[in-house]
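*Asks:* Okay, handing you the structure first.
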Amino acid sequence: MTFSMSKAFVAGLLVTTLPFSVAWAQVGGGHGGHGAPVSLGTNPSAIQSARTTAASGAEDHAGHAPLYFGAVLFDQNEMRSNGRGSPIYAWEGSAFYGTDYHRVWVNTRGETSRERGGLERTEAQVLYSRLVGYYWDLQAGVRHDFRIDPHEGTPSRTYGAFGLQGLAPGFFEVQLQGFVGGNGVFLARAAASYDVLITNRIVLQPEAELNFSTGWDRDALIAPGLYRTEIGLRLRYEITREFAPYIGYSFESFNGGATGLNRRLGEKPSQSTVVAESASSFNDRCLRGKAMSYTVTVVNTFALVLRAVSVAAAAGAELD
């Protein structure tokens with residue numbers, strides 16, 4: 001029975017691994033050599049814009065169909081712990097599909113509550129992106145903040161969104177966004193990160209995010225001025241470009257009037273946490289010629305093991 005269960009677990013692990021590393025091939029137009037080389041990195045829009053605009057003649061040549069490509073990426077997919085209480089789970093990911101010039105982006109982020117375990121903050125954005133320069137994309141769309149549990153977390157909010165993202169001089173990845181809500185309050189977010197290559201596989205990534213507001217939204221813990229700051233430092237090891245575990249440090253602080261709003265809820269306005277990722281995907285693919293390789297790699301160790309165990313258990317039950 002032990003030998004049968006071992007075989008079942010291995011079979012379950014193999015079955016589980018396959019769907020998480022999927023390569024889709026789609027036939028595209030144009031002639032070989034005119035396709036744009038594309039690199040899907042941590043911030044695919046910025047990296048691709050920098051590397052591919054000069055060679056992206058697919059849309060400039062008459063009679064050549066544009067090259068469509070896309071990816072699903074999770075820049076953060078981690079557990080955070082401050083050494084007290086239960087750790088929280090946080091993620092930040094994005095997906096895009098389109099050409100070098102026109103794309104549709106879906107961005108999502110969120111985290112669970114340390115005390116209650118449910119989703120405390122969840123945000124999703126759907127954006128249209130237009131390449132406006134060698135290194136920059138102009139974006140516009142909608143943002144929605146979800147409230148999963150009616151008794152926990154911040155309330156639901158919907159905003160019109162617009163922004164600019166790309167590579168600043170020095171290869172800093174920058175994202176600037178503005179949000180306009182129905183209550184007339186204007187929000188702004190500025191985020192930047194930089195990859196320090198220690199070796200070809202070991203990368204240190206410092207990053208910072210600043211959130212601003214022009215008015216009060218007390219239920220959403222928003223106050224005028226700079227109301228929330230997040231600074232992080234993550235060290236990742238790229239086993240492959242699609243699989244890069246990391247460890248790091250994150251500091252999050254509510255500032256100004258938002259400090260009092262948090263204290264009224266019995267929460268600390270700032271906290272430092274150690275972060276560790278189960279697994280993540282960083283794609284680096286080159287797409288050329290008539291065929292398009294659309295690679296979607298979403299690797300999550302916890303989901304992988306749980307699914308393998310369930311498949312193995314089912315196989316073991318059948319063997320019994």
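*Asks:* With a point put 7 Å past each Cα toward its Cβ, work out how far Tyr237 is from Asn183 in nm, to one decimal.
*Replies:* Going from the Tyr237 label point to the Asn183 one covers 4.6 nm.
*Asks:* Normalised by the number of residues in segment 144-198, what is the relative contact order in percent for Cα pairs under 8 Å and 6+ residues apart?
*Replies:* It rounds to 25 percent for segment 144-198.
*Asks:* Report in % the part of the accessible area of segment 219-258 that belongs to carbon and sulfur, leaving out ligands and nucleic acids; probe 1.4 Å.
*Replies:* 68
*Asks:* Another one. Could you look at segment 96-207 and say what percent of its accessible area is carbon and sulfur, using a 1.4 Å probe and all protein chains?
*Replies:* 65
*Asks:* Here is a further query. How many Å² of accessible area per residue for segment 177-220, probe 1.4 Å?
*Replies:* Per residue, segment 177-220 has 51 Å² of solvent-accessible surface.
*Asks:* Another one. List every residue whose amide H lies under 5 Å from the amide H of Arg121, counting only residues 5 or more places away in sequence or on a different chain, with H placed 1.01 Å from N in the peptide plane.
*Replies:* Here Glu111 satisfy the definition.
*Asks:* So how far apart, in nm, are the two label points at Ser113 and Arg130 if each is 7 Å from Cα heading toward Cβ?
*Replies:* It works out to 4.2 nm between the two label points.
*Asks:* From zero up to wherever the largest Cα-Cα distance of segment 171-288 sits, split into 10 Å bins and tell me the percent of pairs in each.
*Replies:* The distribution over segment 171-288 is 13, 33, 29, 19, 6, 0, given as percents.
*Asks:* Give, rounded to the nearest 20 debye, the magnitude of the charge dipole that segment 170-236 has about its Cα centre when Lys and Arg contribute +1 at Cβ and Asp and Glu contribute -1 at Cβ.
*Replies:* In total the dipole reaches around 140 debye.
*Asks:* Under the rule a/c < 1.5 gives rounded, and otherwise a/b versus b/c splits prolate from oblate, where does segment 61-179 land using the Cα gyration tensor?
*Replies:* Judged from the Cα gyration tensor, segment 61-179 comes out prolate (a/c at least 1.5, a/b above b/c).
The values are calculated or read from the model by the stated rules, or taken from the named source; none is laboratory data. These numbers come from a predicted model, not from an experiment. Please note: Cβ atoms are built from the backbone with ideal geometry, for glycine as well, and neighbour counts cover all protein chains shown. Side chains included, ligands, DNA and RNA excluded: accessible areas come from the protein's heavy atoms. Shrake-Rupley method; radii C 1.70, N 1.55, O 1.52, S 1.80 Å.
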